[in-house]
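Here is the structure we will look at.
The values are calculated or read from the model by the stated rules, or taken from the named source; none is laboratory data. Quick caveat, the model's predicted, so the values are computed rather than measured. Here the Cβ positions follow ideal geometry from the backbone for every residue, glycine too, while neighbour counts run over all protein chains shown.
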Amino acid sequence: MRLRFRPTVLLDLADLWIDSWRPHRFGIDHVHRARAMTPHRGFLVLFWHQTTLMVAGTHRDLRATAMVSRSGDGTMLAEFLRRRGITAARGSKSRGGAAASLNLLHRMRAGLVGASSIDGPRGPFKQPQAGIIDLARRAGVPIVPVACRGSREVAVRAAWDRVRIPLPRAHVAICYGAPILLPPEEPDAADHAARRHHLAAVLHGLEREAADRTGQPFRDPVAADIAWMDAR
């Protein structure tokens, strides 16, 4: 006999699981700096897709809007985010992406916080996408990079993003980077590449810090991991 659970039951269990985590924030002053960098106080939080659950689960107080795909999995994620105090701007590269981006842009210009994985929604793994980075430039808001690790966690190797899930009562290190305000001018191909290089390096550094703070191993990115940036 195959057991079936209603989505609400799974979401209730997820809430209990996440609420047992013990978050520790490092570099929170960078968030305060980002708010003060523009008159409207909006900014964009960027992170690896691998840490979506950790970021969403520990930022109920941020009152953010997140980019979420229109897939079936995206519908479940949108409901999960709503429970965590995060609204969803639905869309993807293939379905409604432009509308979702415009929605997020307007909300950030209105002083709200945007949140998105930098390599999502379907990868490639840990390869920053130029579009979401440039959205911050067009909105005129700073980027706040963030990385997370759990003191006890599992990684789902079968998933494209190798999602990390902290175990119940795990300590979660949340490390924020210095805010980045991009020039307003339209970037050329070299500028796009340089910004992707820079954001990848910053997020790798923050991930190393989070790993050190939680006693987790960290694998340094090697040439094979970042060759894609030089090939595009």
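Against the criterion of being touching an Asp or Glu at 6+ places or on another chain (Cβ under 9 Å), more than 27 Å from residue 32 (Cα to Cα) and modelled with pLDDT of 95 or more, residue 167 qualifies. Taken together, the criteria exclude residue 196 from residues that are modelled with pLDDT of 95 or more, under 19 Å from residue 26 (Cα atoms) and not aliphatic (A, V, I, L, M). Say whether the condition of being part of a helix (DSSP H, G or I) and either surrounded by fewer than 21 Cβ atoms within 10 Å (Cβ to Cβ) or free of Cβ contacts under 8 Å to residues at least 24 places away in the same chain (or both) is met by at least one residue in segment 143-156. No: segment 143-156 contains no residue that is part of a helix (DSSP H, G or I) and either surrounded by fewer than 21 Cβ atoms within 10 Å (Cβ to Cβ) or free of Cβ contacts under 8 Å to residues at least 24 places away in the same chain (or both). Can you find a residue that is in contact with a Lys or Arg (Cβ under 7 Å, 6 or more places away or on another chain), outside any helix (DSSP H, G or I) and surrounded by fewer than 22 Cβ atoms within 10 Å (Cβ to Cβ) anywhere in segment 66-82? Yes, the conditions are met somewhere in segment 66-82. Checked against the criterion of being within 14 Å of the chain's Cα centre (by Cα) and closer than 22 Å to residue 204 by Cβ, segment 27-44 contains one or more residues that satisfy it. Count of segment 199-231 residues, restricted to those that are among the aromatic types (Phe, Trp, Tyr) and either at pLDDT 95 or above or within 26 Å of residue 136 (Cβ to Cβ) (or both), is 1. The lone criterion from (1) assigned to a helix (DSSP H, G or I); (2) out of contact with any Cys (no Cβ under 6 Å at 6 or more places or on another chain) left unmet by residue 168 is number (1). With respect to the conditions (1) among the polar types (S, T, N, Q); (2) at pLDDT 85 or above; (3) not in a strand (DSSP E or B), residue 116 lacks only one, and its number is (3). Here the helices (runs of 4 or more DSSP H) wholly within segment 1-63 that include at least 3 residues being modelled with pLDDT under 95 and within 24 Å of residue 211 (Cβ to Cβ) are 52-57.
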